[in-house]
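Can you read through this structure? Questions will come right after.
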Amino acid sequence: MTIYEENLKALSADYPQMDRLIEEAKENLEPELEIIEETSYDGETIIKVQKEDRICYLNGKRNTKEPAEKWIESLGTLETNAPVFLMGLGNPSYLKELVEQTEKRLMIIVYEPSFQIFQYFLEHIPIHRWMEKHLIVFWVKGLKGMEDAVMKNLIGRILRFETIPFSRRLISPNYDILFPEEALAFIKMMRDVTNNELTQYNTQMLFSTVAVQNLLDNIKYLCDGYKTVQLAQVIPDDIPGIVVAAGPSLNKNIKELKKAKGKAFIIAVDTAIKPLLAEGIIPDMFAMVDGRKPVMLVKKEGAKEIPLVATITSSSEVMNYHTGMKFFYNEGSVIMDRILMKQDFHYGTVDTGGSVATSAFSLLYKIGLPCVILVGQDLAYTGNKSHADGTFNDVMKEEDTKNYIMVEGNIEKEVPTIANLKMYLDWYGNYIESAQKADKNFRVINATEGGAKIRNTEVMTLHDAIEQECKREVNIQECLQKLSPMLNEESRKWAVEYINSFPDKFLALEKEAKRAKRLYQKLATICNKKNIDVKEYKSVLKKIEKSVKKVEGNDMYQLVNDTMVNARYILLREQFHYENTVQKEGKELARKGILYMENAAKMAALFGEYTREYTCIKETPTEEENINLEETTC
Amino acid sequence: MEEKIKSLFQSVNLIAMDYLFRQKQNNIKPIQELIPQIQEFVLWFLEENRFGIEEELYRDMQNYLLQVLEDISTAMSQEDRVLLHDAIAYGLIDYLKLFVELQEAETDDNL
């Protein structure tokens, strides 16, 4: 059997069908470069690559090994299962050194942008032993199913907040010269995933406590609320949707929106409510996701009756002020899911994209509208302002933007922006691209007359967009009135009881967390002895496992866990850390377990008290219930 | 010339270390800035057998140094960082080291 055949066998054992994909690519792909073999001064076969009019070596001709050896030295200690991203197999020494010099099992993701180089590699380097030692994923451009978008998902699954400190990456020398676009895309993918993870962590840190508090305050609104998925039943699918964001350009064309009223489904972000109402424009709905949104931003006559689409963790201050219809969607919360899915399993989702406007945009797409018009969606500091006048202040002050990121403008050549707005900008581009792949007729018009250019959108004035798209009369409020709350009477009764059981559930969680803590203390005692009693050690571990399962199985656990963001990440990072002996490992496990469970019990006790005071629904009994109550009492 | 060789050695050595340990692979620009000094050293070496090296060995060394110089030149024109690092770290530096080490040995002797 040749090296190539052995390699195909090894690859297809781990990745079924990969041999077929390679053979298919071999037949179908046109050569894009020439691989030239040479012999190095120390007698090894090395290669250089001719691509268009450039020839570059992939290995050194005087010393083929040292760069790879030194790279491994520079990596420092690699933890078990640490992800290592390597672009380029043209010089196999890098992968060889990594695989052979590291005893701990690694997760190695190799990206090769040239199928020809990958094929050459498979023909010359036996990899089956390497694949036994480590988890190696080969991602090869040109192989079916290995498109960039899929690779981003893969990177996103591997490069998590807890794995970022352990991860390593290398673009093999000259790959950024020979494959500049691919190298840039690869770096960008990793950078985007890293930024997203860090942003998510920081957001969680910032909002974790307020988010749980809001959830516990707002959960009662689910009992009489609606699901976003219900909108698809009543909103006609032949009208456009309009997202009104609160970017500085909103002031330029806000008046035009009057012409769209009654001819589109208009959703405004919470911050745009005041300027819209000031112009006499009542949007059909407004959206809110921010947990700290102050009520003053929406406190204006006529605002509180406007239907609201909100996350359950958004500002309870605004939620309490608001009296109109409230629409919710699934956000991955266990207790929310229980209520949303009580009556039927269609809970509806909205892809957040990170901001309220991106959420509103996703909602309009998800309910099946064929065209979405964006207004005031600057995603930039147009005119050096962060928001439209009339939002936070009557006239917004100009910011010093000289150190801001510059991006291509919608109207202007370039506009200043900041990192999180840039992230939303990228999100829009990618999201619209995927949406249009799924539905070729889906269109997005960017009628923001300023701001950043959003990929895959048609740029148009709002006047023209309304003339072109808003042709059919529609009364959205009448449409919405046709809806019944998501829970019928019986389900609603169940939901009230469920919510009122929170204090008991927190109490049960507190008790179980305390029990788990005691078990971890026992584990510490066992591990502190000179000679470890293996039988006892295993028995306690089993009990811990059972207790932890009970803790995690409690519906309230997610809330407790969400408030302990740092502790959670510390535990997640633990999986990459191994001690030399079982005793040391047990001690470390016990130390962290005690701390975690102690805090979990404290949080559960705190939330238990809070829910008893603020979350439980104290409803006035109906006449019939009163009679029953009197009869029972008698 | 000794000081110039020492300074050139330190500069190219730093570029090679950055390439190896800090993944600073873009060595083209910093080497480009050192081309006049490299040329001056190569000419100085080729000009005469200053250290009484055996004639045949000296000729081989001259030829090899010319190959190194040719590789540096090719690498610059092709933006080939691998070839440039190879020519610098395992070619030019070996020559520079000869004189730097010789100087250090002489200093040690004087002490």
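Assuming a ≥ b ≥ c are the square roots of the Cα gyration tensor eigenvalues, decide whether the protein assembly as shown counts as rounded (a/c under 1.5), prolate (otherwise, with a/b larger than b/c) or oblate.
Here the protein assembly as shown falls in the prolate category.
Using alpha carbons only, how many angstrom separate the centre of region A:167-193 from the centre of region A:516-538?
47 Å
Ignore the peptide's own chain and count Cβ atoms of other chains within 10 Å of each Cβ in A:174-182; give me the average, rounded.
That average works out to 3.
Partner chain Cβ atoms within 10 Å, averaged over the residues of A:69-78 - can you pull that number for me?
2
In whole angstrom, note down how far apart the Cα centers of region A:23-44 and region B:57-91 are.
Going from one Cα centre to the other spans 24 Å.
Which shape class, rounded, prolate or oblate, goes with region A:346-437 when its Cα gyration tensor gives a ≥ b ≥ c as root eigenvalues, a/c under 1.5 marks rounded, and past that a/b bigger than b/c marks prolate?
Prolate shape, in that a/c is at least 1.5 and a/b is the bigger ratio.
Could you line up A:306, A:242 from fewest to most neighbouring Cβ atoms inside 10 Å?
Taking fewest neighbouring Cβ atoms as first place, the list is A:306, A:242.
Taking every DSSP beta bridge with both residues inside the protein assembly as shown, roughly what % is antiparallel (nearest 5)?
Just about 25 percent of them are antiparallel.
When the Karplus curve 6.51 cos²θ - 1.76 cosθ + 1.60 is applied with θ = phi - 60°, which whole-Hz ³J(HN,Hα) does each residue of region A:317-324 get, with x for Gly and Pro?
Values per residue, Gly and Pro as x: 4, 5, 4, 5, 6, 6, 10, x Hz.
Hey, fewest Cβ within 10 Å first, where do A:382, A:102, A:311 land in order?
Exposure proxy ranking, most exposed first: A:102, A:311, A:382.
Could you tell me what percent of the DSSP beta bridges with both partners in region A:268-377 are antiparallel, to the nearest 5?
0 percent
Under a 5 Å amide H to amide H cut-off, with H placed in plane at 1.01 Å, what residues pair with residue A:46 once short-range neighbours are removed?
Those qualifying (amide H under 5 Å, at least 5 residues apart or on another chain) are A:38, A:39, A:40.
Given H placed on each backbone N at 1.01 Å, which residues far from residue A:82 in sequence or on other chains put an amide H within less than 5 Å of it?
A:107
At what distance in nm do the modelled label points of residue A:472 and residue A:3 sit from each other, each positioned 7 Å from its Cα along Cα→Cβ?
Output for this residue pair reads 6.4 nm.
Put a dot 7 Å past each Cα toward the Cβ at residue A:292 and residue A:158; how far apart are the dots in nm?
Spacing of the two 7 Å Cα→Cβ label points: 3.6 nm.
Also: What FRET efficiency comes out for residue A:406 versus residue A:24 if R0 is 35 angstrom and r is the Cβ-Cβ distance? Round to the nearest 0.05.
0.20
Let me ask another. Taking every DSSP beta bridge with both residues inside region A:1-144, roughly what % is antiparallel (nearest 5)?
The antiparallel fraction comes to roughly 50 percent.
Please give, to one decimal in nm, the separation of the simple spin-label points placed at residue A:38 and residue A:137, each 7 Å out from Cα toward the Cβ.
3.5 nm
Could you give the length gained by full extension between residue A:399 and residue A:194, i.e. 0.36 nm per residue of separation minus their alpha carbon distance, to one decimal place?
Working it through step by step, the gained length comes to 71.0 nm.
For region A:75-128, which GluC sites (Glu not before Pro) pass both filters: DSSP loop (anything but H, G, I, E, B) and at most 10 other C-beta atoms within 10 Å?
Answer in residue order: A:103.
To make sure I understand, if each residue's beta carbon is the centre and we count other beta carbons within 10 Å, what order do A:39, A:401 fall in, fewest to most?
A:39, A:401
Then there is this: In nm, what is the difference between 0.36 nm times the number of residues separating residue A:549 and residue A:12 and their Cα-Cα distance?
Gain on extension, residue A:549 to residue A:12, equals 189.7 nm.
Considering only C-alpha atoms, what is the centroid distance from region A:101-131 to region A:411-453, in Å?
Here the two parts' Cα centres lie 38 Å apart.
Something else now. Tell me whether chain B comes out rounded, prolate or oblate; compute the Cα gyration tensor, take square roots of the eigenvalues as a ≥ b ≥ c, and use a/c under 1.5 as the rounded threshold.
Taking the square roots of the gyration eigenvalues as a ≥ b ≥ c, chain B is oblate.
For an R0 of 51 angstrom, estimate the FRET efficiency from the Cβ-Cβ distance between residue A:105 and residue A:323 and round to the nearest 0.05.
According to the calculation, E is roughly 0.30.
May I ask you to list the GluC sites (Glu not before Pro) in region A:31-75 that are in a DSSP loop and have at most 15 other Cβ atoms within 10 Å of their Cβ?
A:32, A:44, A:52
Sticking with this one: When you look at the Cβ of every residue in A:269-278, what mean number of other chain Cβ atoms sits within 10 Å?
Counting other chains' Cβ atoms within 10 Å and averaging over A:269-278 gives 0.
Given a Förster distance of 51 Å, report the FRET efficiency between residue A:392 and residue A:489 from their Cβ-Cβ distance, rounded to the nearest 0.05.
With R0 = 51 Å, the Cβ-Cβ based efficiency is 0.75.
Another question about this same structure. List the GluC sites (Glu not before Pro) within region A:468-556 that fall in a DSSP loop (any state other than H, G, I, E or B) and whose Cβ has at most 15 other Cβ atoms within 10 Å.
A:473
Here's a follow-up. Could you give the length gained on full extension between residue A:617 and residue A:584, defined as 0.36 nm per residue of separation minus the Cα-Cα distance, in nm?
Net length gain for the segment: 7.0 nm.
Read-outs throughout are calculated quantities, based only on the coordinates presented, and are distinct from any laboratory measurement. These numbers come from a predicted model, not from an experiment. Positions of Cβ are generated from backbone atoms using ideal geometry, with glycine treated the same way; all protein chains shown enter the neighbour counts.
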